[in-house]
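Notes follow once the structure below has been shown.
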Amino acid sequence: MTLDPETFAALRNQVRRFVAERLVPNEDRVEQEDAVPAELVAEMKDLGLFGMSIPEEYGGLGLSMVEEIEVCFEFGQTAAAFRSVFGTNVGIGSQGILIDGTEEQRRTWLPRIASGEAIFSFALTEPDAGSDAASLQTSAVLDGDAYVLNGVKRYITNAPRAHGFTVMARTDPGTPGAAGISAFIVPRDTPGVSVGPPDRKMGQRGTKTCDVIFDHARVPASNLIGGQPGIGFKTAMRVLDRGRIHIAALAAGTARRLLRDALDYAATRRQFGQPILDFQLIQAMLADMQAELLAAEAMVRDAARRYDASRRKPDPHLPMVAAACKYFATEMVGRAADRAVQIHGGAGYMSEYKVERFYRDVRLLRLYEGTSQILQLVVGRGLKTHGPVPAP
Ligand SMILES: Cc1cc2nc3c(=O)[nH]c(=O)nc-3n(C[C@H](O)[C@H](O)[C@H](O)COP(=O)(O)OP(=O)(O)OC[C@H]3O[C@@H](n4cnc5c(N)ncnc54)[C@H](O)[C@@H]3O)c2cc1C
């Protein structure tokens, strides 16, 4: 699942140009309209971005993780809303079907997800089950040849425009925790499935989240992912391992943009008769941004290599690697955004400068797909069980 180097280089250059020429100039429009323009979504479909992680045999580009993170580095350099349009299709919305789905489930859904014809979301979180996802209460009760779902999912990315969901629900109410959980493919038009109003958020305008409500929603038993109950939590965690490397790459990409913007501002803004870039205290902030960015990029590339290798030979350290990588990269971009605002002075607090938007947008990265605290716990537990991650 790796493209030949020339084909991949051409794709990356195309994405780089698309980000610079089509997306960056539209950032303010997305912020004002709280929506990504339809023509840009169509262009993303044409580039194949909705299916970049889906194998070619199911209609996708079939990028390896090592390749996917390079695309994320590029997308990190513009407003977060653009990547979010296809983010759930590429990651958490589709990968459960790819990793653990039956061949029939893959053939039915993945080509539509890869083309962008179907938007798919991942529905794990509930009002009373966030970090403690294994305590989720949405139920799925077998009734003849169908499962009947009841429950509420919260903060589900892309749910307002989704055509389907991968839903984690409890099939065995007698088994608390992870073992009683199964994963389902639930089409949006299933009677009994509805969505709440879009959430109003701190940042990432143009991205959409909302509640998803299941009220006696009947889904065919053949929509149970993998055809086997009780493995849904494991499926979700494997999806998140992958998603965490993707988000870490995005964080690194954004830190690169923030460094560029901060450096440009420092070079042009003058105080005390000289550019503020000449002040060593400003240089120190920029140097910290640069050093931490290089560390995050190296870490993400290493994690992606390990992810690809783990598909050939399972790696018990992978969850730790993915968690450590997202933990470091997303905390790092938080510091980078803070420094970028500081370097801009009062202008950094003003909406007309992009760093103000990035400062709000990157805050989310430390919360979803595992908060920083949960990621620390994953690494801590992994160290206890498996010992330190071996050197590459
Ligand atoms: C914009 C947005 C989009 C999202 N998209 C999706 C999506 O598409 N699909 C989906 O399923 N979910 C999604 N989520 C949900 C997200 O994954 C959860 O919000 C996140 O996992 C945290 O859960 P919580 O909000 O319930 O916080 P809580 O779990 O209540 O955590 C509150 C605080 O307690 C800390 N904490 C919790 N447990 C521990 C512990 N054991 N030790 C130390 N500290 C702890 C947390 O780190 C946090 O600081 C999204 C959230 C947001 C905000």
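Can you tell me which residue is farthest from residue 134 (Cα to Cα) among those in region 228-238 that are assigned to a helix (DSSP H, G or I) and open to solvent by 10 Å² or more (accessible area, probe 1.4 Å)? Filtering first and then ranking leaves 238. Only one entry of 141, 167, 152, 186 meets the criterion of being over 23 Å from the mean Cα position of the chain (by Cα) and touching a residue at least 24 places away in the same chain (Cβ under 8 Å), and that entry is 141.
Here is a yes/no grid of residues against (1) more than 14 Å from the ligand (Cβ to nearest atom); (2) part of a helix (DSSP H, G or I):
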residue: 200; (1), (2): no, no
residue: 210; (1), (2): no, no
residue: 215; (1), (2): yes, no
residue: 219; (1), (2): yes, no
residue: 226; (1), (2): yes, yes
residue: 240; (1), (2): no, yes
residue: 247; (1), (2): no, yes
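Results for (1) in contact with a Leu (Cβ under 9 Å, 6 or more places away or on another chain); (2) open to solvent by 10 Å² or more (accessible area, probe 1.4 Å); (3) among the hydrophobic types (A, V, I, L, M, F, W, C), shown as yes or no for each residue.
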| site | (1), (2), (3) |
| --- | --- |
| 300 | no, no, yes |
| 308 | no, yes, no |
| 335 | no, yes, no |
| 360 | no, yes, no |
| 364 | no, yes, yes |
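Whenever a residue of region 373-392 is at pLDDT below 95, its partners that are more than 11 Å from the ligand (Cβ to nearest atom) and open to solvent by less than 90 Å² (accessible area, probe 1.4 Å), lying with C-beta atoms within less than 8 angstrom and at least six residues away or across chains, give the pairs 392/302; 392/306. Within the set 222, 182, the sole residue that is open to solvent by 50 Å² or more (accessible area, probe 1.4 Å) and among the polar types (S, T, N, Q) turns out to be 222. I'd like to know if region 290-297 contains one or more residues that are under 21 Å from residue 269 (Cβ atoms) and not in a helix (DSSP H, G or I). There is no residue in region 290-297 that is under 21 Å from residue 269 (Cβ atoms) and not in a helix (DSSP H, G or I).
A quick yes/no check of all residues on (1) among the aromatic types (Phe, Trp, Tyr); (2) within 21 Å of the chain's Cα centre (by Cα); (3) modelled with pLDDT under 95; (4) farther than 30 Å from residue 2 by Cβ:
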position	(1), (2), (3), (4)
285	no, no, no, yes
288	no, no, no, yes
297	no, yes, no, no
303	no, yes, no, no
316	no, no, no, no
321	no, yes, no, no
328	yes, yes, no, no
343	no, no, no, yes
347	no, no, no, yes
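In the set (1) open to solvent by 70 Å² or more (accessible area, probe 1.4 Å); (2) farther than 27 Å from residue 372 by Cβ, residue 131 fails one condition alone, (2).
Checked against (1) under 29 Å from residue 364 (Cα atoms); (2) β-branched (Val, Ile, Thr); (3) free of Cβ contacts under 8 Å to residues at least 40 places away in the same chain, residue 85 passes all but a single condition, namely (3). Taking the conditions exactly as written (among the aliphatic types (A, V, I, L, M), under 29 Å from residue 49 (Cα atoms), within 12 Å of the ligand (Cβ to nearest atom) and in contact (Cβ under 8 Å) with a residue 12 or more places away in the chain), does residue 114 satisfy them or not? For residue 114, the condition - among the aliphatic types (A, V, I, L, M), under 29 Å from residue 49 (Cα atoms), within 12 Å of the ligand (Cβ to nearest atom) and in contact (Cβ under 8 Å) with a residue 12 or more places away in the chain - is not met. The test for being within 16 Å of the ligand (Cβ to nearest atom) and either open to solvent by 10 Å² or more (accessible area, probe 1.4 Å) or at pLDDT 95 or above (or both) does not hold for residue 145. When residue 330 is tested against the conditions (1) away from the ligand (no atom under 16 Å from the Cβ); (2) open to solvent by less than 50 Å² (accessible area, probe 1.4 Å), the lone failure is (1).
Do the conditions hold for residue 285, that is, is it assigned to a helix (DSSP H, G or I), hydrophobic (A, V, I, L, M, F, W, C) and crowded, with 22+ Cβ neighbours inside 10 Å?
Judged against the criteria, residue 285 is not a match.
Tell me, yes or no, whether region 380-392 has at least one residue that is within 17 Å of the chain's Cα centre (by Cα) and within 16 Å of the ligand (Cβ to nearest atom). The answer is no; no qualifying residue exists. The set of residues in region 148-157 being within 7 Å of the ligand (Cβ to nearest atom) and at positive phi consists of 155 alone. Please work out which residue is farthest from residue 88 (Cα to Cα), limiting yourself to region 117-142 and to residues that are assigned to a loop (DSSP other than H, G, I, E, B) and more than 15 Å from the ligand (Cβ to nearest atom). Top of the filtered list is 117.
Would you confirm whether or not region 37-51 contains a residue that is within 21 Å of residue 159 (Cα to Cα), among the acidic types (Asp, Glu) and touching a strand residue (DSSP E or B) at 6+ places or on another chain (Cβ under 7 Å)? Within region 37-51 (the criterion being within 21 Å of residue 159 (Cα to Cα), among the acidic types (Asp, Glu) and touching a strand residue (DSSP E or B) at 6+ places or on another chain (Cβ under 7 Å)), the answer is no, since none of the residues qualifies. Would you be able to say whether some residue in region 313-325 is touching a residue at least 24 places away in the same chain (Cβ under 8 Å), more than 28 Å from residue 390 (Cα to Cα) and among the hydrophobic types (A, V, I, L, M, F, W, C)? No, region 313-325 contains no residue that is touching a residue at least 24 places away in the same chain (Cβ under 8 Å), more than 28 Å from residue 390 (Cα to Cα) and among the hydrophobic types (A, V, I, L, M, F, W, C).
The values are calculated or read from the model by the stated rules, or taken from the named source; none is laboratory data. Note that the structure is predicted; figures quoted are calculated from it, not measured. Reconstructed Cβ throughout: ideal geometry from the backbone, glycine too, with neighbour counts over all protein chains shown. The area values use the complete protein model at the heavy-atom level, side chains included, leaving out ligands, DNA and RNA. Shrake-Rupley method; radii C 1.70, N 1.55, O 1.52, S 1.80 Å.
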